[in-house]
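Quick one: this structure, given as structure tokens, is what I'll be asking you about.
The values are calculated or read from the model by the stated rules, or taken from the named source; none is laboratory data. In this text the structure is predicted, and so the values were computed from the model without any measurement. Glycine also receives a Cβ, built like all others from the backbone with ideal geometry; neighbour counts cover every protein chain displayed. Remember, those area values only see protein heavy atoms, side chains included, never the ligands or the DNA or RNA. Shrake-Rupley method; radii C 1.70, N 1.55, O 1.52, S 1.80 Å.
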Amino acid sequence: MSFLKISNLYKNYGQVEILKDINIEIDKGGFLVLVGPSGCGKSTLLNTIAGLEPITSGEISINGNSVAGLHPSKRDIAMVFQSYALYPNMTVAGNIAFGMEIRGVPKDERDKAIKQVSDILQIGHLLDRKPSQLSGGQRQRVAMGRALVRNPQVFLFDEPLSNLDAKLRVDMRTEIKRLHQRMKTTIVYVTHDQIEAMTLASKIAVLKDGTLQQFGTPAEIYNSPANMFVADFMGSPAMNLLTARLENGEGGLNVMLERPGEKPLALPIKNANGVLGGYSGKEIIFGVRPEALTDPDGADRNARSIAEGECLIEVVEPAGSDTFAVTKLGGKEVVARLRADAAIHAGQKTKLAFNLDKAVFFDPKSQLRIA
Ligand SMILES: Nc1ncnc2c1ncn2[C@@H]1O[C@H](COP(=O)(O)OP(=O)(O)OP(=O)(O)O)[C@@H](O)[C@H]1O
Ligand SMILES: [Mg+2]
């Protein structure tokens, strides 16, 4: 049975629909990440789970019980806000223990809890400091410590890492993952960073304009995006989404891609399914991630369907571990991911390998994935 269940949830502010028919459920101990562009409704959804915002219709239940009408303090949830919201006049220890003090937890128990979470978060040496004497990452840990001592049924995190610099973000991301593996508490985590979403989540919910675009495991979202929005949003560099035609040719169905100054590139698809066959003679959107478009030597040896084609390289961008090359197909810039030591330069014509096992196809009108 799912532990946290959100059913047919609508949330309006006045006349404006902010969340529309959201359906999400996760198991106990799951790590749900809500991801989407700014303003899509992530914080609003989190706040409705916490009980900080009333819902317009629908239902939220935790562990089989509806939380409708339950005050936030009765939901057994702890929330970590983006701003940390620490009490500036209290020490770290005071901040961590404050909630327990309010609830009348005896001092020796409070001290034990402070000791326990400060060991986990490695902030034992900071307990007597005030928040103003801490770095961003340390404050973030204190805010987490304050949530951890509550030992709640569900943790809610609203972009907890967005104030940190790039290096610290990555460190804290690993730390949160480790913490979750150890505590096994159910987590709902908001971010607009798709890499954070991929690395932390057991399930991802992708939102856009208040509607759920896709709900699935990170692999499902990455490999089988439900529509062009999800395909474009998840992954960095982004998936190449190219206008192409499907044509029946010698080797079966071909993806035809326009190239500047040459006849179109034809990529024969092996094992094309019937749905795709129905698009023969029509325009489709061909989606290929940069890592599925490589130098022929770098192509996945286990792939069943690889097609090669001459492409004119316009820009070469060495990125250390890989080299990205930009070419033009279907009237758009296309990013290929080559080996770091690929001997390639701008202006050169070279063969690129398309791993068609990894390619996805979208209907240009509905923007939904068809294969
Ligand atoms: N109290 C409010 N009254 C009216 N509209 C609101 C209120 N709070 C949020 N909104 C609107 O609801 C929409 C969703 O806001 P929300 O804060 O949930 O977005 P978000 O996905 O968390 O964005 P961000 O990534 O920028 O934090 C936005 O269009 C916002 O302007
Ligand atoms: Mg927000």
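One residue is enough: does segment 171-192 have a residue meeting the conditions within 16 Å of ligand 1 (Cβ to nearest atom), surrounded by fewer than 20 Cβ atoms within 10 Å (Cβ to Cβ), hydrophobic (A, V, I, L, M, F, W, C) and closer than 15 Å to Val33 by Cβ?
No, that holds for no residue.
What do you reckon, is Pro160 within 16 Å of ligand 2 (Cβ to nearest atom) and open to solvent by less than 30 Å² (accessible area, probe 1.4 Å)? It would help to see each step written out before you state the result.
Numbers: within 16 Å of ligand 2 (Cβ to nearest atom): yes; open to solvent by less than 30 Å² (accessible area, probe 1.4 Å): yes.
It is true that Pro160 is within 16 Å of ligand 2 (Cβ to nearest atom) and open to solvent by less than 30 Å² (accessible area, probe 1.4 Å).
For Lys263, work out the one condition from (1) surrounded by 15 or more Cβ atoms within 10 Å (Cβ to Cβ); (2) farther than 20 Å from Leu368 by Cα it doesn't fulfil.
Of everything listed in (1) surrounded by 15 or more Cβ atoms within 10 Å (Cβ to Cβ); (2) farther than 20 Å from Leu368 by Cα, Lys263 misses just condition (1).
Somewhere in segment 30-37, is a residue in contact with a strand residue (DSSP E or B) (Cβ under 9 Å, 6 or more places away or on another chain), at pLDDT below 95 and more than 15 Å from ligand 1 (Cβ to nearest atom)?
Scanning segment 30-37 turns up no residue that is in contact with a strand residue (DSSP E or B) (Cβ under 9 Å, 6 or more places away or on another chain), at pLDDT below 95 and more than 15 Å from ligand 1 (Cβ to nearest atom).
Consider only pairs whose beta carbons are under 8 Å apart and that are at least six residues apart or on different chains; among these, list those whose first residue lies in segment 36-52 and is in the same structural domain as Val206 (by TED's automatic domain parsing) and within 12 Å of ligand 2 (Cβ to nearest atom) and whose second residue is in a helix (DSSP H, G or I) and open to solvent by 10 Å² or more (accessible area, probe 1.4 Å).
Hits for this filter: Gly36/Lys42; Gly36/Phe233; Pro37/Phe233.
Tell me which of these Pro318 doesn't satisfy, since it passes every other one: (1) open to solvent by less than 50 Å² (accessible area, probe 1.4 Å); (2) more than 16 Å from Val360 (Cβ to Cβ); (3) under 28 Å from the mean Cα position of the chain (by Cα).
(1)
Here is a follow-up. Filter segment 351-360 down to the residues that are in a strand (DSSP E or B) and surrounded by 19 or more Cβ atoms within 10 Å (Cβ to Cβ) and list them by number.
Leu352, Ala353, Phe354, Asn355, Val360
So, one more: Could you say whether any residue in segment 320-334 is among the acidic types (Asp, Glu) and within 13 Å of Leu241 (Cα to Cα)?
Within segment 320-334, one or more residues are among the acidic types (Asp, Glu) and within 13 Å of Leu241 (Cα to Cα).
Take Leu86 and tell me if it is modelled with pLDDT under 95, at negative phi and away from ligand 2 (no atom under 16 Å from the Cβ).
Spelling it out, Leu86 is indeed modelled with pLDDT under 95, at negative phi and away from ligand 2 (no atom under 16 Å from the Cβ).
How many residues are assigned to a strand (DSSP E or B) and either open to solvent by 60 Å² or more (accessible area, probe 1.4 Å) or in contact (Cβ under 8 Å) with a residue 24 or more places away in the chain (or both) if we restrict to segment 241-260?
Residues flagged as assigned to a strand (DSSP E or B) and either open to solvent by 60 Å² or more (accessible area, probe 1.4 Å) or in contact (Cβ under 8 Å) with a residue 24 or more places away in the chain (or both) within segment 241-260 amount to 13.
Looking for whichever is in contact with a strand residue (DSSP E or B) (Cβ under 8 Å, 6 or more places away or on another chain) and either away from ligand 1 (no atom under 16 Å from the Cβ) or of a type in the set (Gly, Ala, Ser) (or both) here; the options are Phe3, Phe81, Phe98. Which one fits? Break it down stepwise before answering.
Details: Phe81 fails: either away from ligand 1 (no atom under 16 Å from the Cβ) or of a type in the set (Gly, Ala, Ser) (or both); Phe98 fails: in contact with a strand residue (DSSP E or B) (Cβ under 8 Å, 6 or more places away or on another chain).
Of the residues listed, the single one that is in contact with a strand residue (DSSP E or B) (Cβ under 8 Å, 6 or more places away or on another chain) and either away from ligand 1 (no atom under 16 Å from the Cβ) or of a type in the set (Gly, Ala, Ser) (or both) is Phe3.
Would it be correct to say that Asp193 is within 14 Å of the chain's Cα centre (by Cα) and within 24 Å of Asp119 (Cα to Cα)? Write out each step before concluding.
Numbers: within 14 Å of the chain's Cα centre (by Cα): yes; within 24 Å of Asp119 (Cα to Cα): no.
Spelling it out, it is not the case that Asp193 is within 14 Å of the chain's Cα centre (by Cα) and within 24 Å of Asp119 (Cα to Cα).
Sticking with this one: With Ala201, Ala226, Ala166, Ala205 as the choices, which residue is touching a helix residue (DSSP H, G or I) at 6+ places or on another chain (Cβ under 7 Å) and of a type in the set (Gly, Ala, Ser)?
Ala201
Ok, one more. Give the number of residues within segment 120-138 that are at pLDDT 95 or above, open to solvent by less than 60 Å² (accessible area, probe 1.4 Å) and not in a helix (DSSP H, G or I).
The qualifying residues number 1.
What is the residue count in segment 321-371 for residues that are small (Gly, Ala, Ser) and more than 23 Å from Glu262 (Cβ to Cβ)?
Residues in segment 321-371 being small (Gly, Ala, Ser) and more than 23 Å from Glu262 (Cβ to Cβ): 4 in total.
So which pairs qualify, if the first residue must be in segment 196-209 and assigned by TED's automatic domain parsing to the domain that holds Glu220 and at positive phi, the second must be assigned to a loop (DSSP other than H, G, I, E, B) and open to solvent by less than 50 Å² (accessible area, probe 1.4 Å), the Cβ gap must be under 9 Å, and the two must be at least 6 apart or on different chains?
From residues that are assigned by TED's automatic domain parsing to the domain that holds Glu220 and at positive phi, the pairs are Asp209/Gly36; Asp209/Pro37; Asp209/Cys40; Asp209/Gly41.
OK, next. With the checklist (1) among the hydrophobic types (A, V, I, L, M, F, W, C); (2) in contact with a helix residue (DSSP H, G or I) (Cβ under 7 Å, 6 or more places away or on another chain); (3) within 16 Å of ligand 1 (Cβ to nearest atom); (4) modelled with pLDDT of 95 or more in hand, flag the one item Val92 doesn't pass.
The one condition Val92 does not meet is (3).
Among the residues of segment 321-343, which ones are of a type in the set (Gly, Ala, Ser) and surrounded by fewer than 18 Cβ atoms within 10 Å (Cβ to Cβ)? Can you show your working first?
Let us first name the residues in segment 321-343 that are of a type in the set (Gly, Ala, Ser), namely 321, 325, 330-331, 336, 340, 342-343.
Matches in segment 321-343: Ser321, Gly331, Ala340, Ala343.
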